[in-house]
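Encoded as structure tokens, the structure appears first; notes follow it.
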Amino acid sequence: MSRDPLVITIGERTLALQSGDITKVPANAIGNAANSALRGGGGVDGAIHRAGGPAIMRELDAIRERIGKCTPGDAVATGAGDLPARWVLHAVGPIYRDGRHGEPEALASCFRRCMELAGELGARSLTLPAISTGVYGYPLDAAADVAVRTVVEILKAPETRLRRVTFVLFGKAPFEAFQRASNRLLGPTP
Ligand code: ADP
């Protein structure tokens with residue numbers, strides 16, 4: 001069932017889904033699934049810090065001095081160190097409980113904040129991981145629905161400067177969940 005990458009045109013903009021390692025995919029800005037402490041972690045966060053080098057953590061140290069923690073649903077921007085990008089947008093996803101504790105709103109807010117920050121910085125292309133679907137336990141299909149819906153809504157809005165948003169999905173299961181979500185929300189791609 002998989003066409004990978006899957007490229008969907010939304011007006012003059014593009015939404016793409018592809019499987020792979022987000023640290024290897026060039027883009028102006030890369031989204032990260034960080035934690036509130038902004039101190040790095042496992043999963044995609046660990047991969048981004050490993051590939052990007054220590055400059056990213058040095059910037060996060062300074063941000064932490066200023067704001068303390070980053071709340072779930074929010075994001076902060078740093079440079080991208082050695083990654084094939086200019087900026088990393090560190091978004092803090094919600095920890096999933098049962099879906100009735102504000103998780104969908106917080107998850108949508110992560111994607112919205114990444115796109116806002118990317119736009120403010122002047123990024124034209126943005127890659128995003130499946131925030132909260134790893135250690136934070138958000139069920140894949142539900143998370144994919146929120147992620148695709150939020151990104152499509154913004155790509156349809158005239159004011160965003162982003163031209164291309166790519167979900168980079170680590171493995172077959174997340175890729176297929178995002179593909180199902182895009183079929184549900186946008187209809188099957190021709
Ligand atoms: P969270 O704590 O927000 O759940 P995780 O990093 O544990 O964050 O997982 C989020 C998603 O990122 C998961 O779907 C996981 O498979 C995926 N992931 C892990 N490593 C990478 C990577 N190098 N590139 C893209 N996605 C990744």
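The values are calculated or read from the model by the stated rules, or taken from the named source; none is laboratory data. Source: prediction; values computed, not measured. Note: ideal-geometry Cβ built from the backbone for every residue, glycine included; neighbour counts use all protein chains shown.
Considering only the range 107-128, I want to know if a residue exists there that is within 12 Å of the ligand (Cβ to nearest atom) and over 12 Å from the mean Cα position of the chain (by Cα). No, the conditions are met nowhere in the range 107-128. Every listed requirement among (1) more than 15 Å from the ligand (Cβ to nearest atom); (2) hydrophobic (A, V, I, L, M, F, W, C); (3) within 24 Å of residue 138 (Cβ to Cβ); (4) touching a strand residue (DSSP E or B) at 6+ places or on another chain (Cβ under 6 Å) is met by residue 92 save one, (1).
Tell me yes or no: at least one residue of the range 91-103 is of a type outside the set (Ser, Thr, Tyr) and within 30 Å of residue 12 (Cβ to Cβ). Among the residues of the range 91-103, at least one is of a type outside the set (Ser, Thr, Tyr) and within 30 Å of residue 12 (Cβ to Cβ), which makes the answer yes.
Quick one: would you say residue 163 is away from the ligand (no atom under 14 Å from the Cβ), more than 16 Å from the chain's Cα centre (by Cα) and not β-branched (Val, Ile, Thr)? Considered against the rule, which asks whether it is away from the ligand (no atom under 14 Å from the Cβ), more than 16 Å from the chain's Cα centre (by Cα) and not β-branched (Val, Ile, Thr), residue 163 comes out as no. Taking the criterion of being touching a Lys or Arg at 6+ places or on another chain (Cβ under 9 Å) and either touching a residue at least 60 places away in the same chain (Cβ under 8 Å) or more than 19 Å from residue 46 (Cβ to Cβ) (or both), the residues of the range 57-82 that qualify are 73, 74.
Each residue in the range 154-172 was checked for being surrounded by fewer than 22 Cβ atoms within 10 Å (Cβ to Cβ) and farther than 24 Å from residue 12 by Cβ, and 3 pass. When the residues of the range 155-169 are filtered to those that are touching a helix residue (DSSP H, G or I) at 6+ places or on another chain (Cβ under 7 Å) and not basic (Lys, Arg), the one that is farthest from residue 112 (Cα to Cα) is 169.
Pairs are defined by a Cβ separation below 6 Å, a sequence spacing of at least 6 or placement on different chains, a first member in the range 168-179 that is closer than 16 Å to residue 33 by Cα and more than 6 Å from the ligand (Cβ to nearest atom), and a second member that is in a strand (DSSP E or B) and at pLDDT 95 or above; the pairs so defined are 169/19. Tallying residues that are surrounded by fewer than 20 Cβ atoms within 10 Å (Cβ to Cβ) and touching a strand residue (DSSP E or B) at 6+ places or on another chain (Cβ under 8 Å) within the range 41-56 yields 3.
Looking only at the range 42-80, residues that are more than 11 Å from residue 30 (Cβ to Cβ), within 16 Å of the ligand (Cβ to nearest atom), assigned to a loop (DSSP other than H, G, I, E, B) and of a type outside the set (D, E, K, R) come to 6 in all. Is it the case, given these coordinates, that residue 151 is within 16 Å of the ligand (Cβ to nearest atom) and crowded, with 21+ Cβ neighbours inside 10 Å? It is true that residue 151 is within 16 Å of the ligand (Cβ to nearest atom) and crowded, with 21+ Cβ neighbours inside 10 Å. Here residue 130 clears all of (1) touching a Pro at 6+ places or on another chain (Cβ under 6 Å); (2) free of Cβ contacts under 8 Å to residues at least 12 places away in the same chain except the condition numbered (2).
Of the residues making up the range 23-47, those that are over 20 Å from residue 108 (Cα atoms) and touching a helix residue (DSSP H, G or I) at 6+ places or on another chain (Cβ under 6 Å) are 23, 40, 47.
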